[in-house]
1. Could you list which residues have their amide H under 5 Å from that of residue B:204, counting only those 5 or more apart in sequence or on another chain, with H placed in the peptide plane?
2. So if I take the centroid of the Cα atoms in segment B:129-166 and the same for segment B:75-99, what is the distance between those two points in Å?
3. Please list, in chain and number order, the residues 5+ apart from residue B:509 or on another chain whose amide H is under 5 Å from its amide H, with Hs placed from the backbone.
4. Go from 0 up to the bin containing the longest alpha carbon distance in segment B:558-631, width 10 Å each, and give me the % of pairs per bin.
5. Determine ³J(HN,Hα), in whole Hz, for all residues of segment A:634-646 in sequence, where each value follows from phi through the Karplus function 6.51 cos²θ - 1.76 cosθ + 1.60 and θ = phi - 60°; x replaces Gly and Pro.
6. For the modelled label position 7 Å from the Cα of residue B:549 along Cα-to-Cβ, which residues of segment B:449-479 have backbone nitrogen atoms closer than 11 Å?
7. If packing is taken as the average count of other Cβ atoms within 10 Å, what order do B:90-100, B:347-357, B:245-255 fall into, highest mean first?
8. Report the FRET efficiency, 1/(1 + (r/R0)^6), for residue A:643 and residue A:482, where r is their Cβ-Cβ distance and R0 is 35 Å, rounded to 0.05.
Amino acid sequence: MSLLRRRKAPENEIEPQKPDVEEEDKKSSKKNVKENKQKWSCIDNCCWLVGCICCVWWILLFLYNAMPASFPQYVTEKITGPLPDPPGVKLMKEGLKAKHPVVFIPGIVTCGLELWEGHQCAEGLFRKRLWGGTFGEVYKRPLCWLDHMTLDNETGMDPPGIRVRPVSGLVAADYFAPGYFVWAVLIANLARIGYEEKTMYMAAYDWRLSFQNTEVRDQTLTRIKSNIELMVATSGGKKAVIVPHSMGVVYFLHFMKWVEAPAPMGGGGGPDWCAKHIKAVMNIGGPFLGVPKSVAGVFSAEARDIAVARALAPGVLDTDLFHFQTLEHIMKMSRTWDATLSMIPRGGETIWGSLDWSPEEGDSPCKSKSRDDAAQISGQHDNGTDSKAKYYSYGRFISFGKDAAEAHPSDLKRIDFRGAVKGSNVANNTCDVWNEYLDFGVSGAKAVEEYKVYTAGEIVDLLNFVAPKMMARGSAHFSYGIADDLDDPKYSSHYKYWSNPLETKLPNAPDMEIYSLYGVGVETERAYVYKRIPTAGCNIPFQIDTSADEGDEGSCLKAGVYSVDGDETVPALSAGFMCAKGWRGKTRFNPSGVKTYVREYYHAPPANLLEGRGTQSGTHVDMMGNFALIEDIMRVAAGGTSEDLGGDRVYSDIFKWSEKINLRL
Amino acid sequence: MSILRRRKGTENKKISDTEPDYEEFKEKSNKLGSRKLRLRRRWSCVDGCCWFIGCICSIWWFLLFLYNAMPASFPQYVTEAITGPLPDPPGVKLAKEGLRAKHPVVFVPGIVTGGLELWEGHQCADGLFRKRLWGGTFGELYKRPLCWVEHMSLDNETGLDPFGIRIRPVSGLVAADYFAPGYFVWAVLIANLARIGYEEKNMYMAAYDWRISFQNTEVRDQTLSRIKSNIELMVASSGGKKAVIIPHSMGVLYFLHFMKWVEAPAPLGGGGGSDWCAKHLKAVMNIGGPFLGVPKAVSGLFSAEAKDIAAARSMAPRFLDSEMFNFQTLQHVMRMTRTWDSTMSMIPKGGDTIWGGLDWSPEEGYECNEKKPKNNSTQTAESDRTRKSVNATRVKYGRIISFGKHVADLHSSEIDRIDFRDALKGKSHANSTCRDVWTEYHDMGIGGIKAVADYKVYTAGSVLDLLHFVAPKLMKRGSAHFSYGIAYDLDDKKYEHYKYWSNPLETKLPNAPEMEIFSMYGVGIPTERAYVYKLSPAGDCYIPFQIDSSAEGGNESPCLKGGVFHVDGDETVPILSAGYMCAKGWKGKTRFNPSGIRTFVREYNHAPPANLLEGRGTQSGAHVDIMGNFALIEDIIRVAAGASGEDLEGDQVHSGIFKWSERIKLKL
């Protein structure tokens, strides 16, 4: 400021000097001065402005660099009062020391992928990140990027001539994009009590592939096994603490079955491998029973807010970049990713509810969202929504039209779609973006619509109908049912059941502990209202009906989506049920009585901007920076048991809901 | 350009046009015109600066935009237009031949090339958690040099972490693919291997903390266990195909250590059993390996002047020699490097038997002019001939350190030497004033320094005694981890101690007759071999010895330049050290190689890059740049894809290594 002002002062001085200037003008010897003055053109103005901006920028940059590193913290403390010690410092003061080796298993999308072999258009990108990092290539060469991120449609593996591989090491998933942490905060805190790279291992895998294919192509499961064995051996026989996040939870369920299965298909570790090598599995936000969002994603590519991708997608992918076909491109790409199929809701109507009931019935997180809101609409609430609200149910995963979503089961007129004939679409060859909807035709789309309501059980049929190729690939790798007889040899002989907790037994490891750690208090997608787009030339024929918005907040219907309590991505039911009930005590899914615990973290948004993504967040990814969660993990890693943590910690109605689920245990 | 010119045009017009207007403006000065006029008058110095900066910035951005919009193949296109079509890189060439990834590959990086990052530090290193302190941009070296030195130093007594500081090696291929941005080490090799199908699952970078002694990497980080486990994993997951190991520089010694460690029984070793190497290793392809040590290591320890260890050279002259620390840079560097045990792994081994005594050396008769361009040699041919006939100045390479140039040339009988070993060390009177930079020289005093200079000439054997004398603490740590002798009886029990494992003259190769050992190194570059020293004048806080850079050989003895006697090599490692073991010590069945492992010597003649566009060249033979040598990469890829040493046509020799090896009288 002072600079600017001083510069103005001499200006004012110039004005009284005006006569002098005139005199000088007349002198030919001073012509230079005059010329200088008259140079002041538009370009000069621009240059001057640019110069000023640059100077100011540099000064600020210099100041920023010269600023002591603790300055932001100091400011924050001034404003919000003294910050609590980060858990690492706090526990270090308590005297905790690194003890058990720790293994991180990242979830879907958070792990970086880099290029090892590509086509002409990807020149110069060798060993550069295509996924994660700055995503620079999405802007620069979007079609090339899509081409390389897509897998083969038949095999679900690399297309010829392209090799995209997961980044390895802690860098694979410490930050998703610059400044957007995933595991970095946890790693930094663990380092405070003495952890380093030899005692921490990031089990990065290619999250696009089906779980068994990561072993077939990259031997990832073998690597994880070997690394856990190595870490246990080099730390003097101390068992490992596993920390999977999101889809990593399901991946690790698969691993535990794989590692004990005999050699050709499994890891051949013997039936006591888990008992010998694993102290605890601390699942963070685990979609044990699937995520409703994945249905919408596969069905119409609209799960655009899978955790982190959300931050990027609205800006980049929803624009008109590809002439309105962005969503179709994404669908084409994401439908080749088998891993998305691992998160389709499992357990059908038994778990997720049917036409007229659901375990979460009566829950309305939206109502309690803010007291003021609730008070305001309480007046409207009286005039007659009671009768309607009675019949709506979370069990109806997909409803065509709001009416269908709320109708009484007996009022629904449904025409079975399963036998419907698919007509070839007339516009087929004009579309440059291929997806399976093109083989599907208008009649197929109509048949789908006429079934009106789909429950968790019927969803799988629906997907089989609309995306037969994808589901054919998927059904070789994943299964979504409930086992009647777990001793049936089919369950032990095929890997497709390994990632489904309802079709496998936990390993025989009575000393092991399984934690389910997840956030609550955030609205989470649970069911959708869809509409059909009649003129679906090249476009996806179905869309979430964003006009379906209930004025009444009690029903949690917003922009075509019914919400329930959860961590914004995974509903509490999916994250908590297995540990709260399915595995509790000794059940047929948990024959050796592995101890299970549920720890919920109530979401509190960051108090101000300086806090960044908050230290008490309960959302799916931001939760990785939740101090309470980190403290729990560190206590276990340093040798603590569940008693040190205080056993279960529950805010939601997970136990009540679990009771409503009628599953033979 | 066009923009600028057009602007001038209008200017001129304006001058003529606006001249009459000027009067009008003056008249209307109270009204609209006054603003315009004021604008013109603002043209002050600050504005000029702003304008200038603005122009530069705009042009810069414009160029940057063009650069980014440029297709990636443009530089290659330009290069091809100038130099003619480039040869295919070896990866592409061999992929066309149909070679495919077969054996898993393990890289063992050398000293200084591996990145190190901070895991725990003092207050001053705030915000550097998991940032690279070594490798990368070295940004912290500028910003907080003393903090950096403090963190990079190890504990002076134990050779391990100082209290409250944990610096750990970066892991993964990124550890040593590039040393600094744009300065490749392994990146070219990795990229070429990827062409025939290699990826991260069958390539492994065995990164280790290159500052600490080899056995301590296992004690502190369990690095050797990790390497063992990863090799086993890769061999198993690639269907039992044995691994090809590619160590570079000090990594060669590290891997010698590993091979002994892995087969040694459990508490001290890896417990892999006596056939681990036979089961898991197909070939060891040593690049520029200092098997028998490097003379440069001596000068580094003695006076901290080995400033050009490979890549550090590009950084050091600019930053470390400057006056950043008030002339004490070298002392700081010495204090830091003297805590790094690994530097002692490269002290010349085998003593006078290998490196030559006072009056002989294996390389005797080497002509330093040999590799010079033809024009030069014809000019000096006459003087050459006279010199040869007189035979007056045969360089006595055996004298690794001489005090004074004339001493270096004299016959041994003419030198007066006073033994230094029992000399008293006096306390230096200036001791207390140099407290901030401690080196062991301060405990040595003037008496000790004089005694060292009076011994005049040191051979490879007596250099060890010298180092023990001038740096007792350092050598005490070092002698627990490294040994520099020659074994008379390899079956002696004492050779089971780990300090012998990295010395090829005191260990047997593993029992793995199918394994192959390659020694690949560059030749054709003058390489440091012996030094002429002098006492530094007023050595209170200074290092009391200095390379006498005024000692020039001139025409008489062209091998002496700037106080350093040169010999053929790859700029860092003399041929003798890199080639002897594979050329003679292990060739056939010897006592050092009882199972008869086949050994091959592959030399690569140095050719500097033809022009700037080639960067560091594709035919370089220099210690680090050789990692981008196409011929070398091709050899490695062929072996990795399944070829044997015979398929590469065995030995490929340009130097006199076989002749020199014959002169060494070592019982085999």
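The numbers here are math on the coordinates, done by the rules we state, and not lab data. Just so it is clear, the structure is predicted and the values come from calculations on it, not from any experiment. Note: ideal-geometry Cβ built from the backbone for every residue, glycine included; neighbour counts use all protein chains shown.
1. B:105, B:106, B:107
2. Measuring centre to centre over Cα atoms gives 41 Å.
3. Here the answer is B:593, since their amide H atoms fall under 5 Å of that of residue B:509.
4. Spelled out per bin, shortest first, that is 18, 33, 30, 15, 3.
5. Whole-Hz 3J(HN,Hα) from phi for segment A:634-646: 5, 5, 5, 5, 7, x, x, 10, 4, 4, 5, 8, x.
6. No residue qualifies, since no backbone N sits under 11 Å from the label point.
7. Working: B:90-100: 16.7, B:347-357: 22.4, B:245-255: 28.4.
By packing density, highest mean first, the sequence is B:245-255, B:347-357, B:90-100.
8. The computed FRET efficiency comes out at 0.60.
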